[in-house]
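See structure below.
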Amino acid sequence: MSQKNKFETDAIRTQSERTQHAEHSVPVYLTSSFVFDDAEDMRASFAEENEKNIYSRFTNPNTTEFVQKICKMEGAADGYAFATGMAAVFGTFAALLNSGDHILSARAVFGATHALFTKYFPKWNISTTYFDVTDLDRFEELITPSTKMIYAESPTNPGLQVLDLERLGALAKKHNLILVVDNCFATPYLQQPIAFGADLVIHSATKLIDGQGRVLGGVTVGRSDLIREIYLFARNTGPSMSPFTAWTLSKSLETLAVRVDRHCDNAEQVLSFLESHPAVEEVRYPFHATHPQNEIAKKQMKRGGNIIAFQVKGGLEGGKQFIDAVKLCSRSSNLGDTRTIVTQPALSTHSKLSEADLLAVDITDGLIRISVGLEHPEDVIKDVKGALEAIS
Ligand SMILES: *Cc1c(COP(=O)(O)O)cnc(C)c1O
């Protein structure tokens, strides 16, 4: 890989090689396979004595370019691109864990990841214990001789709890555990967990990395020896990212820094409107002074991100009235889109959690998650204001 430039430069200037056409913008390589010069080239390619592409389930110039960009952004040695964020999450676990292994996971994880832990992994005798990200003092008590991996997201969805990555990184190292961080909410622009001791970083590229609600994608980057296992698993089981998706996402990365900065600017404006509104009982945002882990957030994140959680008065009913009354904002479960999206987690993404589990991850009935988009913030605020006034 070439000399390290600044983040924005690498996001634009990391490109796969030009073809004979000397194109300025890298084309889409829609090909399932690649040809060999002769029998010796065929042998050498399969023996991995060169870096040639063989088959697009293994590698493709577009996926390689996308992975190389993410690696530079995250400070990672290597990576592999998956068809979706969940394929990356599952592929990472499946490649690295054996029957009998134990995972220590942060309690607040993406819904489908929670389903892996509770519904599927027990079938393969892989057990999971949840830990509280705000109580790392008791973390070591949970480690058993079978513990192999630590898994966490930060900030969490949708409670926006912040995990002390440096402290967890040190604990992982001390006990020789693989630390995997789902960095989807922060993006590599705002937070680079490897610098704090993570071994692997996962992204759902579907969210802010695409940022325009077009494609699904996932990626895992980090330590070469672990990525090698993940690559071999994926190459044999087939959850690979398509060249078209990789091309789309690689273009998206060119504007990641600009977009995420604007997302944060807009979120800050929406936040300052929300915090003074009488129908809002509480706001949660990593860079807000009232956030319980504000100091940690500022230590490990560049800015606060585009997601705000806030509690409206009137509980579940108040939340429903708010959701029903928005006109501009989208009612959707996605996040990190150009379009501002509102969700009421207690009745949608997190409706299957018990009351105790909801409270443990800071989800109250009237909690609204807003993923602030790139519309003009005054229009978003006008819409939010109108919807708050509809709460009776
Ligand atoms: C969306 C999301 C995922 C899953 O990604 P998909 O691309 O939808 O499969 C995983 N983790 C987090 C934190 C997410 O927000």
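Kindly provide the set of residues from region 166-189 that are within 14 Å of the ligand (Cβ to nearest atom) and hydrophobic (A, V, I, L, M, F, W, C), ordered by number.
Within region 166-189, V180, V181, C184, F185, A186 qualify.
Looking only at region 288-341, filter to residues that are polar (S, T, N, Q) and away from the ligand (no atom under 16 Å from the Cβ); which one of those is farthest from L367 (Cα to Cα)?
To start, the set of residues in region 288-341 that are polar (S, T, N, Q) comprises 290, 293-294, 300, 306, 311, 321, 330, 332-334, 338, 340.
If we keep only those that are away from the ligand (no atom under 16 Å from the Cβ) too, we end up with 290, 293-294, 300, 311, 321, 338, 340.
Working: T290: 17, Q293: 19, N294: 20, Q300: 26, Q311: 4, Q321: 12, T338: 22, T340: 16 Å.
For region 288-341, the residue satisfying everything is Q300.
Would you confirm whether or not region 355-362 contains a residue that is under 17 Å from H114 (Cβ atoms), among the β-branched types (V, I, T), open to solvent by less than 40 Å² (accessible area, probe 1.4 Å) and out of contact with any Pro (no Cβ under 7 Å at 6 or more places or on another chain)?
yes
With the requirement that a residue be open to solvent by 10 Å² or more (accessible area, probe 1.4 Å), closer than 24 Å to A234 by Cα and away from the ligand (no atom under 12 Å from the Cβ), what does region 199-213 give you?
Across region 199-213, the qualifying residue is only D199.
Examine region 68-87 for a residue that is in contact (Cβ under 8 Å) with a residue 40 or more places away in the chain, within 30 Å of L165 (Cβ to Cβ), open to solvent by less than 20 Å² (accessible area, probe 1.4 Å) and of a type in the set (S, T, N, Q), and state whether such a residue exists.
No, there is no match, as no residue in region 68-87 is in contact (Cβ under 8 Å) with a residue 40 or more places away in the chain, within 30 Å of L165 (Cβ to Cβ), open to solvent by less than 20 Å² (accessible area, probe 1.4 Å) and of a type in the set (S, T, N, Q).
So which residues in region 325-354 are open to solvent by 40 Å² or more (accessible area, probe 1.4 Å) and over 26 Å from P377 (Cα atoms), if there are any at all?
If the condition is that a residue be open to solvent by 40 Å² or more (accessible area, probe 1.4 Å) and over 26 Å from P377 (Cα atoms), then L347, S351, K352, L353, S354 are the ones that fit.
Failed condition for L163, given (1) within 16 Å of the ligand (Cβ to nearest atom); (2) open to solvent by 10 Å² or more (accessible area, probe 1.4 Å); (3) closer than 28 Å to N98 by Cβ; (4) in a loop (DSSP other than H, G, I, E, B), with all others met?
The failed condition is (2).
Does any residue of region 53-66 turn out to be within 16 Å of the ligand (Cβ to nearest atom) and out of contact with any Pro (no Cβ under 7 Å at 6 or more places or on another chain)?
There is at least one residue in region 53-66 that is within 16 Å of the ligand (Cβ to nearest atom) and out of contact with any Pro (no Cβ under 7 Å at 6 or more places or on another chain).
When you look at F322, is it assigned to a loop (DSSP other than H, G, I, E, B) and in contact with a Gly (Cβ under 9 Å, 6 or more places away or on another chain), yes or no?
No: the conditions fail for F322.
Given the conditions (1) within 16 Å of the ligand (Cβ to nearest atom); (2) among the aliphatic types (A, V, I, L, M); (3) touching a strand residue (DSSP E or B) at 6+ places or on another chain (Cβ under 6 Å), and given that A94 satisfies all but one, which numbered condition is not satisfied?
The one condition A94 does not meet is (3).
In region 125-154, which residue that is part of a loop (DSSP other than H, G, I, E, B), at pLDDT 95 or above and surrounded by 20 or more Cβ atoms within 10 Å (Cβ to Cβ) is nearest to the chain's Cα centre (by Cα)?
S154
The values are calculated or read from the model by the stated rules, or taken from the named source; none is laboratory data. Being a predicted model, the structure only gives us computed values, none of them experimental. Counting neighbours? That spans all protein chains shown, and the Cβs are built from the backbone with ideal geometry, glycine included. Just the protein is used for accessible areas: all its heavy atoms, side chains included, with ligands, DNA and RNA removed. Shrake-Rupley method; radii C 1.70, N 1.55, O 1.52, S 1.80 Å.
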